[in-house]
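Visitor: Structure below; questions to follow.
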Amino acid sequence: GARQQIELCNESLMLEKLPACGKSFEEMMKKVDSKKWCNLTEFIMYYDNFTQCTEREANNASCFWPNPLVEGFITGIHKQFFSNCTSEKVHWEDPPDEILITLILIPVMLTCAMITLVVWCSKRSDIL
């Protein structure tokens, strides 16, 4: 039968081409006020172009995308531009004991009331 030729990933070619994607992204990010770098809506198109560029260069080098080398490159770009962007974590606390006890007891009491009603109705089936 026919043999398929398998192309191996040319990692050195890919690593040679990826910095052009980073440079292009850097040039586009200069158009965005650095105070707005944490607001994705301000640069989503630039970031999309950047990821498409990295995918294109990986594919041109016969490499899968994403792969560990591309991920490392993208992580470097993230560190360069978004290292000051942190998500504020919400600190969850239990409600005060009075509210917590009420929230627990209401379903328990309703369950008991429903069981009592079902048992009472089943004993009085002759009237229904």
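Visitor: Give the residues of segment 29-49 that are of a type outside the set (D, E, K, R) and either farther than 12 Å from PHE81 by Cα or touching a Ser or Thr at 6+ places or on another chain (Cβ under 9 Å) (or both), sorted by residue number. Full working, then the answer.
Guide: Taking segment 29-49 first, the residues of a type outside the set (D, E, K, R) are 29, 32, 34, 37-41, 43-47, 49.
Once the filter is applied, which keeps residues that are of a type outside the set (D, E, K, R) and either farther than 12 Å from PHE81 by Cα or touching a Ser or Thr at 6+ places or on another chain (Cβ under 9 Å) (or both), segment 29-49 yields CYS38, THR41, ILE44, MET45, TYR46, ASN49.
Visitor: Might you check whether a residue that is in contact (Cβ under 8 Å) with a residue 12 or more places away in the chain and assigned to a loop (DSSP other than H, G, I, E, B) occurs anywhere in segment 12-28?
Guide: Within segment 12-28, none of the residues are in contact (Cβ under 8 Å) with a residue 12 or more places away in the chain and assigned to a loop (DSSP other than H, G, I, E, B).
Visitor: Can you pull out the residues in segment 91-103 that are open to solvent by less than 70 Å² (accessible area, probe 1.4 Å) and in contact with a helix residue (DSSP H, G or I) (Cβ under 8 Å, 6 or more places away or on another chain)?
Guide: Within segment 91-103, just PRO95 meets the criteria.
Per-residue answers, yes or no, for (1) open to solvent by 60 Å² or more (accessible area, probe 1.4 Å); (2) more than 25 Å from LEU15 (Cβ to Cβ):
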position: VAL32; (1), (2): no, yes
position: GLU42; (1), (2): yes, yes
position: PHE82; (1), (2): no, no
position: LEU105; (1), (2): yes, yes
position: MET109; (1), (2): yes, yes
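Visitor: For segment 49-79, give me each residue that is open to solvent by less than 70 Å² (accessible area, probe 1.4 Å), within 12 Å of LYS17 (Cβ to Cβ) and outside any loop (DSSP other than H, G, I, E, B).
Guide: CYS53, THR54, GLU57, ALA58, LEU69, VAL70, PHE73
Visitor: Within segment 61-86, can you find the residues that are touching a helix residue (DSSP H, G or I) at 6+ places or on another chain (Cβ under 7 Å) and polar (S, T, N, Q)?
Guide: The one that is touching a helix residue (DSSP H, G or I) at 6+ places or on another chain (Cβ under 7 Å) and polar (S, T, N, Q): ASN67.
The values are calculated or read from the model by the stated rules, or taken from the named source; none is laboratory data. The model shown is predicted, which means the values in this text are computed figures rather than measured ones. Here Cβ is always computed from backbone atoms with ideal geometry, including for glycine, and neighbour counts include all displayed protein chains. In case anyone asks, the SASA skips ligands and DNA or RNA and just uses the protein heavy atoms, side chains included. Shrake-Rupley method; radii C 1.70, N 1.55, O 1.52, S 1.80 Å.
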